[in-house]
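Please treat every number below as a calculation from the coordinates, not as lab data. Just so it is clear, the structure is predicted and the values come from calculations on it, not from any experiment. Note: ideal-geometry Cβ built from the backbone for every residue, glycine included; neighbour counts use all protein chains shown.
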Amino acid sequence: MININNVSLAYTIHHERSHSLKEKMINLFHKRKYVEQSEETFWALKNLNFSVHEGEQFAIIGKNGAGKSTLLKVISGILKPTKGSVEVNGSIQPLIEIAAGFNPEFSGRENIYLNGYMLGFSREQLKAKEKEIIDFSELENFIDVPVKYYSSGMSVRLAFTIATSVEPEILLLDEMISAGDAGFIKKARSRMESLVKRAKGVVIVSHDLQLVREFATRAVVIDKGELVFDGDPNQAVDKYLNL
Amino acid sequence: MYSFAQTVKKEFLVLYKFRWVTYSFVSSNLKMRYKRSVIGIFWSMLGPALNYLIMGLVFSLLAKNSMPNYFAYLFSGAAFYNLMAAVINNGPYVFIHNEGYIKKIYLPKSLFVVNLVLMETINFMFSVGTLLLLGLIFNQYELSLSWLILPFVVLFAILFVFGLACILGVTCVYFRDINHILPLVMQASFFATPILYAVEALPENYQKLVRLNPFYYFVETFRSPIFLGQLPPLSDLGIVIGLSLLSFVIGLIVLKLFDNKIIFKL
């Protein structure tokens, strides 16, 4: 379902993120560099090769900064690899922390539609899902209020529910997305489980080694952007612990 | 050439796929803009009319050789110029302000530019529609067949500012100075464009200078049918079409070149 062929991805790191025009201009006229050119290329992913097959529950593990989330972004198409290619057969959807994509001035309902359309739903599909989303997130009385007046719990519930309304063939999960208060977490867990069950393939990035052992059918270990292990999840966890 | 046509076609297909995102973004934004005001959308009609009335009063008092129907002259140029200026002024922010979306989900970058252009165009339609109607009611000019060209002039202006917004948006991701410089440039270009004054009122050598200003051609072509009731000179129209296509093509090329790079700098 997913083929990763010789994928490498380079970040250009700027120590000062916003380069001003002034510096560039001065650098043009001076032979001597006015500002220390602080660009360096950092390879976040190095020559990765693997495939994810239908029916697999695929885990990616690695230390912080190993490139796990970057890899997930490459698979979902948000980042394009610098070298190599990614082939995906089937609809793919990352389960994202959509709260960052909420427009605080828009009402909950407007955000359902805006985000729903971004996730690729049609108008008819969203109309059908709208009520379910509102019910599940327990926001009946607040749905037409701008999201900026929501408590953090409310916006997390709404974000979670919208994000989990997708029905992709391939599901991408980055850690466990937060789900609000205790009562809601229980509901949220079963919603996640049914989402995972419906998907033909799941790719998960996690630090929760127990979850990887129980959940995954295959796992890869990534270290400093390189693939160091591909195979049985239990062996993968052991390999990771010995890194 | 062939591959560029393919690029445009592909871009349109992608945008068509995401048309509902644009729809909900634009409609929610328009609703939001007037949400807590009593007369809502009427502000977008009334606001500019009152604005031009004030400007008209001040400048017809100041100018010695006041022309007849100065209000019609003023608003037909100013409203159209303001459509272009609104898109251009927001151009630098087109990706920066959408960082949250760009980093979380794959969306075509041109979508954000289209959203901006569409929103300002709809606002313009409301305001210019009202103004045109008011002008007719107060006998400032007469309806003429030459008005049929107006939608096309607007269309070309949209292509022109779309291209500029793409270029500005990409540039501003790399050089955040742009958003400080641009309002000054636009302020200067407003006065350098014959909106408050007629080009004939300028000394001869300045008249030549004005012709270096791209906005001059757009404003003249839009104003001519309304204020004079006649089609703009073909040469002006040609320049408008040329500038629009040039800007659109360059803008799209810049956007495509930096499409996958922008995200690393946001």
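Dipole check for chain B: with +1 at the C-beta of Lys and Arg, -1 at the C-beta of Asp and Glu, and the Cα centre as origin, the magnitude is about 1060 Debye.
Selection among B:Trp147, B:Asn51, B:Ile226 by position relative to the dipole of chain B gives B:Asn51 as farthest towards the positive end (Cβ unit charges, Cα centre). Only helices enter the 222 nm calculation for the protein assembly as shown: every DSSP H run of n ≥ 4 contributes -39,500 (n - 2.57), and dividing by all residues gives -18000 deg cm²/dmol, rounded to 500.
Dipole check for the protein assembly as shown: with +1 at the C-beta of Lys and Arg, -1 at the C-beta of Asp and Glu, and the Cα centre as origin, the magnitude is about 420 Debye. Step through the table entries A:Lys73/A:Lys224; A:Lys187/B:Lys31; A:Lys83/A:Lys224; A:Lys127/B:Lys9, compare each Cα-Cα distance with 24 Å, and write down the pairs that go over it. Exceeds cut-off: A:Lys187/B:Lys31; A:Lys127/B:Lys9.
Remark: spin-label model distance B:Ser60-B:Val14 equals 5.0 nm, labels positioned 7 Å along the Cα→Cβ axis. For region B:179-266, the Kirkwood hydrodynamic radius comes to 15.3 Å, computed from all pairs of different C-alpha atoms.
With contacts taken as Cα pairs under 8 Å at a separation of at least 6 residues, region B:2-265 carries a relative contact order of 26 percent. In region B:2-265, inverting the average of 1/r over every pair of distinct C-alpha atoms gives 19.7 Å as the Kirkwood radius. Between A:Asn6 and B:Ile250, what is the FRET efficiency for a Förster distance of 30 Å, r being their Cβ-Cβ separation, to the nearest 0.05? The pair A:Asn6/B:Ile250 has a calculated efficiency of 0.35.
How large is log10 of I(q)/I(0) for the protein assembly as shown at q = 0.11 Å⁻¹ when the intensity is taken from the Debye formula with one equal scatterer per alpha-carbon? So the normalised log intensities are -1.05.
Taking region B:102-152, how much of its Cα-Cα pair set, in percent, is spaced more than 16 angstrom apart? Cα-Cα pairs in region B:102-152 separated by more than 16 Å: 60 percent.
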